[in-house]
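Q: Dropping a structure here in structure tokens format, bear with me for questions.
The values are calculated or read from the model by the stated rules, or taken from the named source; none is laboratory data. Every value quoted in this text rests on a predicted model; they were computed, and no experiment measured them. When we count neighbours, we look across all protein chains shown, and the Cβ atoms used for this are built from the backbone with ideal geometry, even at glycine. Accessible surface is based on the protein model in full, side chains and every heavy atom, while ligands, DNA and RNA are left aside. Shrake-Rupley method; radii C 1.70, N 1.55, O 1.52, S 1.80 Å.
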Amino acid sequence: MLIALNKPYGVLCQFTDRDGRPTLADFVTTPGVYAAGRLDLDSEGLLLLTDDGALAHRLTDPRHKQPKTYLAQVEGVPADADLEPLRRGVTLADGPALPVAARVLPDEPAWLWPRVPPIRYRRDKPTAWIELVLREGRNRQVRRMTAAIGLPTLRLVRTRVGPHALGGLAPGQTRIAG
């Protein structure tokens, strides 16, 4: 079984939390499934859950290099050339990151839901949206990569993992994905 969840901002990628924060249990009632990969507390979007260990391994193990697509709202307005270091691969504190596909989006995607709470708005700091496709998944990698090129990530939404897309799922909604 494979379940797609649009993980809302502020939800932990686990089923319990002794501090009472929102968890996957608030959105997924299917017994025996677990997250195939993770999204940070402050990241949103597609999270896959499964009861199949082999499938989880294929989706998450870096050797399988499943592409993961993210939309990042960054502080600053990059030109396409500003993303070239990402395409070549930047060096992070834990070593070099693989090159990623990166492009500047013309506008915020029209289908994107408002974040609750909204990101901080600063009149003197314009923002832009970029799309990144990674084939590895280190801890807070997108945020660290954009910061390394001077474009701090303000909002991060995963839209795809391999062949599985977020589609029209609203935050907190699930569907059977496979």
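Q: Comparing Thr127, Thr146, Thr91, which has the greatest mean-square fluctuation in the GNM of the chain with Cα pairs linked when under 10 Å apart?
A: Thr91
Q: Could you report the chain's accessible area per residue, 1.4 Å probe, as an integer in Å²?
A: Roughly 51 Å² per residue, with all protein chains present.
Q: Specify, per residue and in Å³, the volume enclosed by the convex hull of the alpha carbon atoms belonging to the range 70-151.
A: Dividing the Cα hull volume of the range 70-151 by its residues yields 110 Å³.
Q: Just to confirm my numbers, what's the Cα centroid distance between the range 25-84 and the range 120-178 in Å?
A: 9 Å
Q: Which one, Ala148, Ala93, Ala81, has the greatest fluctuation when you compute a Gaussian network model over the chain with C-alpha springs under 10 angstrom?
A: In the Gaussian network model the winner is Ala93.
Q: Now, a different point. Projecting each Cα onto the charge dipole of the range 103-169 (Lys/Arg +1, Asp/Glu -1 at the beta carbon, about the Cα centre), which of Leu112, Leu154, Ala165 comes out farthest on the positive side?
A: Leu154
Q: Within the range 141-178, whose backbone N sits under 19 Å from a point 7 Å along Cα→Cβ of Asp94?
A: Counting backbone N atoms under 19 Å from the label point, the list is 141-149, 153, 156-158.
Q: Here is a further query. Averaging the inverse of every distinct alpha carbon separation and then flipping it gives the Kirkwood radius. What is it for the range 94-134, in angstrom units?
A: For the range 94-134, the Kirkwood estimate is 13.0 Å.
Q: Something else: Please work out which option in (i) -0.39, -0.76, -1.11, -1.44; (ii) -0.61, -0.86, -1.09, -1.29; (iii) -0.34, -0.69, -1.07, -1.55 gives log10 I(q)/I(0) by the Debye sum over Cα atoms at q = 0.10, 0.14, 0.17, 0.20 Å⁻¹ calculated from these coordinates, and answer with its label.
A: (i)
Q: Summarise the accessible area of the chain (1.4 Å probe, protein heavy atoms) by the percent that is carbon and sulfur.
A: 53 percent
Q: Another question about this same structure. With n ≥ 4 as the cut-off for DSSP H runs, can you work out [θ] at 222 nm for the chain, using -39500 (n - 2.57) per run divided by the number of residues, rounded to the nearest 500?
A: -3000 deg cm²/dmol
Q: List the chymotrypsin sites (Phe, Trp or Tyr not before Pro) within the range 94-168 that fall in a DSSP loop (any state other than H, G, I, E or B) and whose Cβ has at most 16 other Cβ atoms within 10 Å.
A: The qualifying sites are Trp111, Tyr121.
Q: So, one more: Considering the Cα positions of the range 113-165, please state its Rg to one decimal place and its Dmax as a whole number of Å.
A: According to the Cα coordinates of the range 113-165, Rg and Dmax are 12.8, 39 Å.
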